[in-house]
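The values are calculated or read from the model by the stated rules, or taken from the named source; none is laboratory data. Quick caveat, the model's predicted, so the values are computed rather than measured. Glycine also receives a Cβ, built like all others from the backbone with ideal geometry; neighbour counts cover every protein chain displayed.
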Amino acid sequence: MINILIAILVLGFISALFGALLGYASVRFHVEGDPIVEQLDALLPQTQCGQCGYPGCKPYAEAVANGEAINKCAPGGEDTIKKIANLLGVDVEPIDESHELDSTLGNGPTVAFIIEEDCIGCTKCIQACPVDAILGAAKQMHTIIIDECTGCDLCVAPCPVDCIEMRPIPETIQNWQWDLNKIAVKQLD
Amino acid sequence: MTDYLLLLIGTVLVNNFVLVQFLGLCPFMGVSSRTETAIGMSFATTFVMTLASLLSYLVTTYILAPLNLEYLTTMSFILVIAVVVQFTEMVVHKTSSSLYRLLGIFLPLITTNCAVLGVALLNLRLEHNFFESIVYGFGAAAGFSLVLIMFSAMREKLANADVPTPFKGAAIAMITAGLMSLAFMGFSGLVKL
Amino acid sequence: MESIIERILQNKFWNFHGGIHPPEQKTLTSGKPIKQLPLPKQLILPLQQHIGRQGDLLVKVGDKVLKGQALTQSSNPMAVPVHAPTSGTISAIRKSAIAHPSGLSELCIFIDVDGDDTWKTREICEDFTKLNKQKIIQKIADAGIAGMGGAGFPTHIKVNTKPEINFLIINAAECEPYITADDLLMCEQSEAIIDGIKILEQLLNPAFILIGIEDNKPRAIKALQHATKNIEKISVCVLPTKYPTGGEKQLIKILTGKEVKSGTLPIHSGIVVQNVATCFAISDAVINDIPLIRRVVTVTGQAVSKPQNVWALLGTPVNHLLEHTGFVTEHDSSKANPPVTSPPVIMGGPLMGFSILNEFVPIVKTSNCILAPSRAEMPSAFDNNSSEVECIRCGQCADVCPSQLLPQELQWSAKAKDHQQLNKLNLFDCIDCGACAYVCPSKIPLVQYYRIAKAEIRQQQQLDLKAEKAKSRFEARKLRLEKDKNAREEKHKKAAAARKIAMSKRSADGGSASSAVAAALARVKAKKKAKSNDELSVFSIEKAESSSVLSVSSDEVTDEKSQVKAAIARAKAKRLAKKDDVSTLKVANKDSEEKEKTIKTVKTVDDKKAKIAAAVAKAKAKAKKEQQPEQSLPSSNEKEVKATSTKTDDKKARIAAAVAKAKAKAKAKKTQEKDQLAVMSNEAHAPFKSSNEESE
């Protein structure tokens, strides 16, 4: 009986000792904030489109750091999910269907385009644009700064006369991708 | 001094924990897909193993042995290891948040890394003294780190290589590990203890 | 430095790593002189023929242009102009396929050649040594000269340097098989080339000038040696033939033993490299005032019966060149059943060139060769299916890589799209020479993989840049909205405080309803006085404020009669204000203010009917403003009042206020000038509509 008591006491003593050590360490090595949010934010495409259900990329990054699903970023697509999975050390998930991009426009990046003759100058799209890429004033025709547009399509819905549409970015020399086998490398004899 | 050196080389190469004694295979396969992670894991494991073998020596020699409580060794060792791992986790979280994320679940899983408990128990069985325990613990960890990093470097290359489809992924990794193990058998007889 | 020169003088050169010795095939064209071709019927000039940006158009469709006339002008230092290669009429400016591997269309100027070949007036410079540096650089820039070796870097930027130049290297290596354009140019125009080099010397003042030339061009070597025999500074360096000696970094390594560090330019090591054809163009531009409008093009390959070098005007469609060199398609016999794909024509050499989309692609500043191979000569060009098999890790690619990269490693990473690893392996030091693909026993088109990977990485960088910009814009916007919100809250707080003060003042005055009325009347009187003092703008603001205070406080004040009186008083005051001759600007100000007020009151007042009445009044006012039926204005207002008079006093007051405002607006409009009015009314249309919808 006494042996058992000693054994329990010894183990209890050791546990208490280590517990105290861990308690001290948890205070000493307390982590302030979560730098992972910044890293996640850097991976997101920064379209600020809100398709993930959060009002911008940063809030979604914060949510992901707190355990939100990583597969809600439609503009980022598979690539972004892979990168986030890599960073967080979790498995890659297929993109959430409800957050999938509208496939009718093709898979390429798009920009918003205002059909200018239909624009009534209501400024509603300007208020909706998360990156201030729409130029215009009340009662003046608006137009999109293509270089600044992230293609988030948030301006399409608010337009009362439906004069905004999403258009694919035209292929130019600058953004053209090499097509393999278009030219074969020559084997001379 | 020579004894310690021989002990170190012996544990790192000849009696390599992973490839010869087959201890700690789960992190060996689990965290070897990227070199960066493997290096982080190596440091964490080295820290844990060295500290655990030191502490477990102290616990057995100064607490358990005088009280004739040797039957409590396994239990108290697990306690020691768990504490050290917890401590390491806190340190890693504080110092490198990205490494903390990269290691993910494997960091707390060092607790169940059989190599860690193995090194503590082997220390006891081989009747190592205080310094021998530390050297043995460190040597085991160094051997583990060596093969883990080498293996991860190979796996990184394998990831891009055109492996025949049935062998893709874990299969080719197992084969590679087997070949590495064969290679390490070549060290046997290098050090006579 | 000394030892380098010594070594060069002894004709002992260094070597670069790797390189290959493909069959040269230069004898097809090297023995024949450069041929002058008849003028083509039409020229197609892409606006952008070089690295950088395109210039701004100076001409329009239908313009007559003279030979050498500038068609674009550069607004940006990285842009160079293009010139009319001959006289003619501009028939179109539209997108057309250009000499680019993508086969994409870019903006091109189409010139219908008139055949006269009339020059613009030229200023021939007798002695270029008298020109100062800036003048020469200006001449080079105006002549539209871009590097003619391949990349097409604007020359005037390359020669306009601050640092001290140790070596000016003239690249005459022309290492790629088949091409002999520079070779022939050197044989026939060595004097002009030396003049060009002298001009460069004047600009850069290098310590030493080296002409790097491969030993497979004996005639050109002789011509150059003859032309430079009296010039000590220039040394003709005969190099062993090896591909790619003509690569900029490779040539520097061979001649000086120096390696240009990854990510730096030769200029950082005090070295400038210029192509020999560029030197010729410079001498033409500076001395004869001939802009870059023509170049030597090698038309070769076994599919042409008379391969030869030709002087081609820029913009000449490739088929014009092929016609005059006897291009025979192998499918000629089956004309009834024409082939789906035309036989391949390659622009550039066999190793670095690209297949062109169609034969109407024009010659540009960088095109040095048109290669039309036969099927036997280059089967891979006819067959788009890659015959690639698995890599056997032989390592030959690494042996021949002139940039000392690891082509095989690069290939794995490129296939796996591991961009990080590719950067680590210095993919961007790859010069696309194709030596690795040439030696590959598995026939892996390695360069293609690198080109794709490079394009992808560049695009990713652009996307990252864009994301960064979007992020900062988003943050800026968030900040701005936050600030606006705070400012608004601040304003509301102030307004509330002012209201409270006004309320307490009022209650202090008497606390009874009659005193409130008295206060209102007093205010009205005060206003009248103020107005007579001609302080209109101040007055209007004051009035607007007081009116808003009144309209809001009317909800709180229990005595309905006093409210009504106050409202009437207000309306009267406004009417009086309107009678004054107010300037249009002030009216516009007031008008917008009042509009805001109207909307505000509409929002704050709960009573729906009152809202509707106000909206109707507004709409009517707008309608009047548009048609200006001045007579009907009072009657409509009266009708309005009549319609609403049956309602409770409270409502009456509000309606009266709305009507008064509407009237005021209508009157304000009347005083405005007519054109302004028209514009305003058109524009006002939309917001009014929306506010109407809102109020309903």
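Among the residues here, residue A:50 qualifies as in contact (Cβ under 8 Å) with a residue 40 or more places away in the chain, in a loop (DSSP other than H, G, I, E, B), surrounded by fewer than 18 Cβ atoms within 10 Å (Cβ to Cβ) and more than 8 Å from every other protein chain (Cβ to nearest Cβ). When the residues of region C:140-184 are filtered to those that are part of a loop (DSSP other than H, G, I, E, B) and of a type in the set (S, T, N, Q), the one that is farthest from the other protein chains (Cβ to nearest Cβ) is C:166.
For region C:405-431, taking the residues that are more than 35 Å from the chain's Cα centre (by Cα) and surrounded by fewer than 19 Cβ atoms within 10 Å (Cβ to Cβ), the one that is farthest from residue C:247 (Cα to Cα) is identified as C:409. Residues in region B:62-111 that are β-branched (Val, Ile, Thr), free of Cβ contacts under 8 Å to residues at least 40 places away in the same chain and more than 7 Å from every other protein chain (Cβ to nearest Cβ): B:78, B:81, B:84, B:85, B:95, B:105, B:111. For the residues B:30, B:10, B:40, the requirement of being under 15 Å from residue B:143 (Cβ atoms) and either of a type in the set (Lys, Arg) or touching a residue at least 60 places away in the same chain (Cβ under 8 Å) (or both) singles out B:10. Output the residues belonging to region A:130-144 that are assigned to a loop (DSSP other than H, G, I, E, B) and either over 15 Å from residue A:49 (Cβ atoms) or more than 8 Å from chain C (Cβ to nearest Cβ) (or both). Result: A:136, A:137, A:138, A:139, A:140, A:141, A:142. Consider residue A:105 carefully, then state whether it is more than 14 Å from chain B (Cβ to nearest Cβ), modelled with pLDDT under 80 and more than 25 Å from residue A:37 (Cα to Cα). Against the criterion (more than 14 Å from chain B (Cβ to nearest Cβ), modelled with pLDDT under 80 and more than 25 Å from residue A:37 (Cα to Cα)), residue A:105 qualifies.
Restricting C:404, C:408 to residues that are within 14 Å of chain B (Cβ to nearest Cβ) and touching a Gly at 6+ places or on another chain (Cβ under 9 Å) narrows the list to C:408. Within region A:53-62, the set of residues being within 12 Å of chain C (Cβ to nearest Cβ) and in a helix (DSSP H, G or I) comprises A:57, A:58, A:59, A:61.
Please specify each residue of region A:1-47 satisfying the condition of being among the aromatic types (Phe, Trp, Tyr) and either surrounded by fewer than 13 Cβ atoms within 10 Å (Cβ to Cβ) or at positive phi (or both).
Quick first cut of region A:1-47, residues among the aromatic types (Phe, Trp, Tyr) only: A:13, A:18, A:24, A:29.
Scanning region A:1-47 gives A:13, A:24.
Scan region C:47-81 for residues that are of a type outside the set (Gly, Ala, Ser) and under 12 Å from the mean Cα position of the chain (by Cα) and report the count.
The initial filter retains those residues of region C:47-81 that are of a type outside the set (Gly, Ala, Ser), namely C:47-51, C:53-54, C:56-61, C:63-67, C:69, C:71-73, C:76-78, C:80-81.
Restricting the remaining residues to those that are under 12 Å from the mean Cα position of the chain (by Cα) gives C:48, C:53-54, C:56, C:76, C:78.
Within region C:47-81, residues that are of a type outside the set (Gly, Ala, Ser) and under 12 Å from the mean Cα position of the chain (by Cα) number 6.
Would you be able to tell me the number of residues in region A:1-54 that are small (Gly, Ala, Ser) and either over 30 Å from residue A:68 (Cβ atoms) or touching a strand residue (DSSP E or B) at 6+ places or on another chain (Cβ under 7 Å) (or both)?
At the first step, the residues of region A:1-54 found to be small (Gly, Ala, Ser) are A:7, A:12, A:15-16, A:19-20, A:23, A:25-26, A:33, A:42, A:50, A:53.
After this cut, where a residue has to be either over 30 Å from residue A:68 (Cβ atoms) or touching a strand residue (DSSP E or B) at 6+ places or on another chain (Cβ under 7 Å) (or both) as well, the list is A:7, A:12, A:15-16, A:19-20, A:23.
Of the residues in that region, 7 qualify.
In this structure, is residue B:134 part of a helix (DSSP H, G or I) and either in contact with a Lys or Arg (Cβ under 9 Å, 6 or more places away or on another chain) or farther than 16 Å from residue B:24 by Cα (or both)?
Criteria met by residue B:134.
Consider region B:155-193 and keep the residues that are within 14 Å of chain C (Cβ to nearest Cβ) and touching a residue at least 24 places away in the same chain (Cβ under 8 Å). The one that is nearest to residue B:119 (Cα to Cα) is B:155.
To keep it simple, each residue is scored yes or no on (1) farther than 24 Å from residue C:287 by Cβ; (2) of a type in the set (Phe, Trp, Tyr); (3) crowded, with 21+ Cβ neighbours inside 10 Å.
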residue: C:105; (1), (2), (3): yes, no, no
residue: C:127; (1), (2), (3): no, no, no
residue: C:136; (1), (2), (3): no, no, yes
residue: C:146; (1), (2), (3): no, no, yes
residue: C:154; (1), (2), (3): no, no, yes
residue: C:178; (1), (2), (3): yes, yes, yes
residue: C:183; (1), (2), (3): no, no, yes
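Residue count for region B:136-152 satisfying the condition of being surrounded by fewer than 24 Cβ atoms within 10 Å (Cβ to Cβ) and farther than 21 Å from residue B:30 by Cα: 1. From A:153, A:118, A:132, grab the single residue that is of a type outside the set (A, V, I, L, M, F, W, C), at positive phi and in contact with a Cys (Cβ under 9 Å, 6 or more places away or on another chain). Of A:153, A:118, A:132, the one residue that is of a type outside the set (A, V, I, L, M, F, W, C), at positive phi and in contact with a Cys (Cβ under 9 Å, 6 or more places away or on another chain) is A:153. Name, by its number, the condition in (1) within 14 Å of chain A (Cβ to nearest Cβ); (2) under 21 Å from residue B:180 (Cα atoms); (3) buried (at least 18 other Cβ atoms within 10 Å of the Cβ) that does not hold for residue B:30. Every listed condition holds for residue B:30 apart from (3).
Among the residues of region C:439-450, those that are in contact with a Leu (Cβ under 8 Å, 6 or more places away or on another chain), assigned to a helix (DSSP H, G or I) and facing chain A (nearest Cβ under 9 Å) comprise C:446, C:448, C:449. Here is the figure for region C:367-404: residues that are buried (at least 22 other Cβ atoms within 10 Å of the Cβ) and over 17 Å from residue C:447 (Cα atoms) total 8.
Of the residues making up region B:1-32, those that are under 16 Å from residue B:111 (Cα atoms) and in a helix (DSSP H, G or I) are B:25, B:26, B:27, B:28, B:30. Does at least one position in region B:47-56 carry a residue that is under 30 Å from residue A:82 (Cα atoms) and either assigned to a helix (DSSP H, G or I) or more than 10 Å from chain A (Cβ to nearest Cβ) (or both)? Within region B:47-56 (the criterion being under 30 Å from residue A:82 (Cα atoms) and either assigned to a helix (DSSP H, G or I) or more than 10 Å from chain A (Cβ to nearest Cβ) (or both)), the answer is no, since none of the residues qualifies. Residues that are of a type in the set (Gly, Ala, Ser) and within 12 Å of residue A:111 (Cβ to Cβ) within region A:122-156 comprise A:133, A:151, listed in sequence order.
For the condition without any contact (Cβ under 8 Å) to a residue 24 or more places away in the chain and not β-branched (Val, Ile, Thr), what is the one hit in C:469, C:415? Just a single option satisfies the conditions, and that option is C:469. For region B:58-85, a tally of residues being surrounded by fewer than 20 Cβ atoms within 10 Å (Cβ to Cβ) and within 21 Å of the chain's Cα centre (by Cα) returns 7.
Here are some residues: C:299, C:310, C:236. Which one is modelled with pLDDT of 90 or more, surrounded by fewer than 24 Cβ atoms within 10 Å (Cβ to Cβ) and under 22 Å from residue C:174 (Cβ atoms)? If you could, list the steps in order and put the result at the bottom.
Working: C:299 fails: surrounded by fewer than 24 Cβ atoms within 10 Å (Cβ to Cβ); C:310 fails: surrounded by fewer than 24 Cβ atoms within 10 Å (Cβ to Cβ).
Testing whether each residue is modelled with pLDDT of 90 or more, surrounded by fewer than 24 Cβ atoms within 10 Å (Cβ to Cβ) and under 22 Å from residue C:174 (Cβ atoms) leaves just C:236.
Residues in region A:63-85 that are buried (at least 18 other Cβ atoms within 10 Å of the Cβ) and within 14 Å of chain C (Cβ to nearest Cβ): A:73, A:75, A:76, A:80, A:83.
Quick one: count up the residues across region C:428-438 that are under 23 Å from residue C:461 (Cβ atoms) and assigned to a loop (DSSP other than H, G, I, E, B).
We begin by selecting, within region C:428-438, every residue under 23 Å from residue C:461 (Cβ atoms); these are C:428-432.
Among the residues that remain, those that are also assigned to a loop (DSSP other than H, G, I, E, B) are: C:430-432.
Total meeting the criteria: 3.
Return a yes/no flag: does region C:451-460 have any residue that is outside any helix (DSSP H, G or I) and more than 8 Å from every other protein chain (Cβ to nearest Cβ). No.
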